[in-house]
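Novice: Got a structure for you, written out below as structure tokens; questions coming shortly.
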Amino acid sequence: MVPLTKKRKSRESTASEGSDSTEATAKPKRSFYAARDLYKYRHQYPNFKDIRCPNDLSNLRFYKNKIPFKPDGVYIEEVLNKWKGDYEKLEHNHTYIQWLFPLREQGLNFYAKELTTYEIEEFKKTKEAIRRFLLAYKMMLEFFGIKLTDKTGNVARAANWQERFQHLNESQHNYLRITRILKSLGELGYESFKSPLVKFILHEALVENTIPNIKQSALEYFVYTIRDRRERRKLLRFAQKHYTPAENFIWGPPRKDELEGSKAQKTPAPPASGPNSQISTHKKSKDSKNSSLAVHVNSKSAEEKKVAPGEPEVTDRPSPEPSSEAARPRITEKDGDAENLNSQPEKTMSSPAEKKESASPPERDEEDEGHSKDCENPGSTDSHDDVLLQ
């Protein structure tokens, strides 16, 4: 008999393995909140209104070292000089990040002020503020185990990357900080710095597997902070190439094999009766009319030949008015075929119904023109899927 303790251990091990397998195979889900938040950011915050007075340049004054950040009361120079390398303080203090990387949205520190459009323009013009802003960015990159290599925004592993990557892989609240840093870079004139950082994080998470826990946030948040659609698509293609399992990749457009499968499932629609069928029936009716006309003219000429040979050709009696049928030109079958081959069916008007039919295309053209004008100026709609697919 197997001891009870061994049975319990085997049950616990199988249960843990089952939970691990379900977690590994669980398909990720998109976040509607993230999509809506980043859509507003990429489109410059639609319906955004500057609540603060334009003269209240709190973020710019902080970066000019004129006021400390609240509630700690620390100036920017002290943060850049004394907090740099103090990873414990940078990890456990949660009030400085809103001042170092301001946005046009409220953060968790209610003492920090949102950026205004006027303040953004003034910030970009102030060299002192820009210099300190880049130093703050370098300080936070080093905190994550990354270093800035050039002036174009390229990054690489720092000397302490192993220790810091392990910490970054376990402290997921820092992913929110990275999202804020990326947004602030775009607001203050450094949009080009975002793609190199996101590409580096995706490479470390998906290829090197040094920070695997960050890949969900990188694909759900980091990528979609980039305003250039082409840059986003490049990053998504890179991520899709290295993502495992491949069938769980849910970001960006569907793959080609999925599109081909969906097209194959669709049944072909029955051929609709187009204008060609109407033209053929129109030609048939015209051929029948021409043939009956030719028979009628031939019978009339045969009756005229039955006149007696002795009868004079010219008489004193006045000749009757020529009938409408006799005034018509003689049409043989050969002429009728040539006419059918060389003429367009829209130009024949042998009956009132045909005249009405031939007059209808200009009316349809006017309707189509009006419809095309309506299509050229559609009403403004907020497409949510854009939201989910761009």
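Novice: What helices (runs of 4 or more DSSP H) completely inside the range 185-294 contain at least 3 residues that are open to solvent by less than 50 Å² (accessible area, probe 1.4 Å) and modelled with pLDDT of 95 or more? Quick ask: steps written out before the conclusion?
Specialist: Values: elements: 194-202, 229-242, 256-265.
Qualifying helices (runs of 4 or more DSSP H): 194-202, 229-242.
Novice: Something else about it: Looking at the range 11-43 only, could you name the residues that are at pLDDT below 50 and open to solvent by less than 40 Å² (accessible area, probe 1.4 Å)?
Specialist: In the first step, residues of the range 11-43 are kept if they are at pLDDT below 50; the result is 11-24.
Result: 18, single match.
Novice: Tell me, which helices (runs of 4 or more DSSP H) lie completely within the range 44-155 with 2 or more residues that are open to solvent by 70 Å² or more (accessible area, probe 1.4 Å)? Full working, then the answer.
Specialist: Values: elements: 58-63, 76-82, 87-92, 97-100, 117-125, 127-144.
Answer list for the range 44-155: 76-82, 87-92, 117-125, 127-144.
Novice: For the range 160-181, state whether one or more residues are within 19 Å of residue 66 (Cα to Cα), crowded, with 17+ Cβ neighbours inside 10 Å and of a type outside the set (Lys, Arg). Break it down stepwise before answering.
Specialist: Restricting attention to the range 160-181, the residues satisfying the condition of being within 19 Å of residue 66 (Cα to Cα) are none.
No, the range 160-181 contains no residue that is within 19 Å of residue 66 (Cα to Cα), crowded, with 17+ Cβ neighbours inside 10 Å and of a type outside the set (Lys, Arg).
Novice: If you check residue 127 against the conditions, is it of a type in the set (D, E, K, R) and more than 30 Å from residue 49 (Cα to Cα)? Quick ask: steps written out before the conclusion?
Specialist: Values: of a type in the set (D, E, K, R): yes; more than 30 Å from residue 49 (Cα to Cα): no.
So residue 127 does not fit the description; no.
Novice: Could you check the range 197-246 and list, in sequence order, the residues that are of a type in the set (S, T, N, Q) and in contact with a helix residue (DSSP H, G or I) (Cβ under 6 Å, 6 or more places away or on another chain)?
Specialist: If we filter the range 197-246 for residues that are of a type in the set (S, T, N, Q), which is where we start, we get 209-210, 213, 216-217, 225, 240, 244.
Within the range 197-246, 210, 213, 217, 225 meet the criteria.
Novice: Taking interchain pairs and intrachain pairs at least six residues apart, which have beta carbon atoms under 7 angstrom, with the first residue in the range 90-106 and closer than 17 Å to residue 77 by Cα and in contact (Cβ under 8 Å) with a residue 12 or more places away in the chain and the second open to solvent by less than 10 Å² (accessible area, probe 1.4 Å) and of a type in the set (Val, Ile, Thr)?
Specialist: 96/79; 101/181
Novice: Would a scan of the range 201-223 turn up a residue that is without any contact (Cβ under 8 Å) to a residue 12 or more places away in the chain and under 20 Å from the mean Cα position of the chain (by Cα)?
Specialist: Within the range 201-223 (the criterion being without any contact (Cβ under 8 Å) to a residue 12 or more places away in the chain and under 20 Å from the mean Cα position of the chain (by Cα)), the answer is no, since none of the residues qualifies.
The values are calculated or read from the model by the stated rules, or taken from the named source; none is laboratory data. Just so it is clear, the model here is predicted, and its values are computed rather than measured. Positions of Cβ are generated from backbone atoms using ideal geometry, with glycine treated the same way; all protein chains shown enter the neighbour counts. The accessibility values were calculated without ligands, DNA or RNA, using every heavy atom of the protein model including side chains. Shrake-Rupley method; radii C 1.70, N 1.55, O 1.52, S 1.80 Å.
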